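The values are calculated or read from the model by the stated rules, or taken from the named source; none is laboratory data. For clarity, every value in this text was computed on a predicted model and none was experimentally measured. Cβ placement follows ideal geometry from the backbone for every residue including glycine, while neighbour counts extend to all protein chains displayed.
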Amino acid sequence: MPNYEVHYLSVSDADAIIIRYENSGDQYVVLIDAGNVSDSDKIKNYIWNHWKTYTIDLAICTHPDSDHKGGFFGLLNDRDVIINEFWLNTPEDVIKEDEYNRLYPKRNRLSHCRECYDHPTDTDSLNLIDLAVSNKCNVYGAYCGKIHSHIPISVVGPSLDFYHPLAIEILKNNKRRKDEDNTIYNDIGYFSSVQAKSSIDDEPDDCSPTNAGSIILLFEPITSCKFLLLGDANRAAITDAISNNTNLSGCRIKVPHHGSKHNLTSVLIDKLAPCCAIISAKGSRKHPSRGIVHCLSNHCNVYSTHKSGTLIHTSYPITTPAIPLKEKQ
């Protein structure tokens, strides 16, 4: 039976997930998102301290927001670190030359389509895709149906058809929608199921095209254990993934967008019916949403990195289990 570990690193309101998968003596390290620019050393040292390697067999950037792509720049610029394969999606995958020239007759398609992967702060840095290519990484798009040849990880969203209109919006350089809930997370006082559902179901969907285009991943190391990693996918994206896949219920889920109230509904949570929910969040301002946490707890224990720090799920028993943010009701 294969051994596996899934590590949800504590990187504030950002995402960085490390998977170690071992089968028949072969070890694979997967990095899904790399937090902010300042998180690269933390990730590098974490991998070395746990597995005595600087090789990342598969890196995946779920979408080009700074709190997901940022740390990859430092890792790719580090001479110790080797990234063999890189999955990410870009408008150039779906907007072909003829269509692009109709939309932007005076611009360069390749550079424009890759702008979303520019360094968040350093204008002199190579674009993330160009940097990966210069490091001889094998770079691939990751759309629904893609499966890794050695690691039991597959892409369940987005489909090419779903991503195409989002790619057009990404080229317009749309700004991310601001979440206006500035309250600090707390679970004090009475909060009914009706209040919880209303607090999220009455809110609009996350309208960021980069979030909506997040790569949604299913890691299934054994038949009885599935991990659904939702990036910052919005409600429409998750609905589309559910419609294209029949095996997404009963998973251990990485809650989208740090537990924001704009990325799930009570209906979607009931459809997913998770057996465990992990939130990567700072625990202040808007993330995580109390309504989201409450609705998730109808199905399972809910954990957050802001309470427990880095969270680890392994194929072997953990001697010190994490304390849930909210236990299953």
Does region 191-209 contain at least one residue that is of a type in the set (Phe, Trp, Tyr) and in contact with a helix residue (DSSP H, G or I) (Cβ under 7 Å, 6 or more places away or on another chain)?
yes
Considering every residue within region 128-151, establish whether at least one is touching a helix residue (DSSP H, G or I) at 6+ places or on another chain (Cβ under 9 Å), polar (S, T, N, Q), free of Cβ contacts under 8 Å to residues at least 24 places away in the same chain and farther than 30 Å from residue 245 by Cβ.
yes
Any idea how many residues of region 113-149 are loosely packed, with under 14 Cβ neighbours inside 10 Å, more than 19 Å from residue 84 (Cβ to Cβ) and of a type in the set (Gly, Ala, Ser)?
1
For residue 162: the one exception among (1) buried (at least 18 other Cβ atoms within 10 Å of the Cβ); (2) assigned to a loop (DSSP other than H, G, I, E, B)
(2)
Number of positions in region 282-302 that are under 23 Å from residue 20 (Cα atoms) and either at pLDDT below 90 or surrounded by fewer than 22 Cβ atoms within 10 Å (Cβ to Cβ) (or both):
0
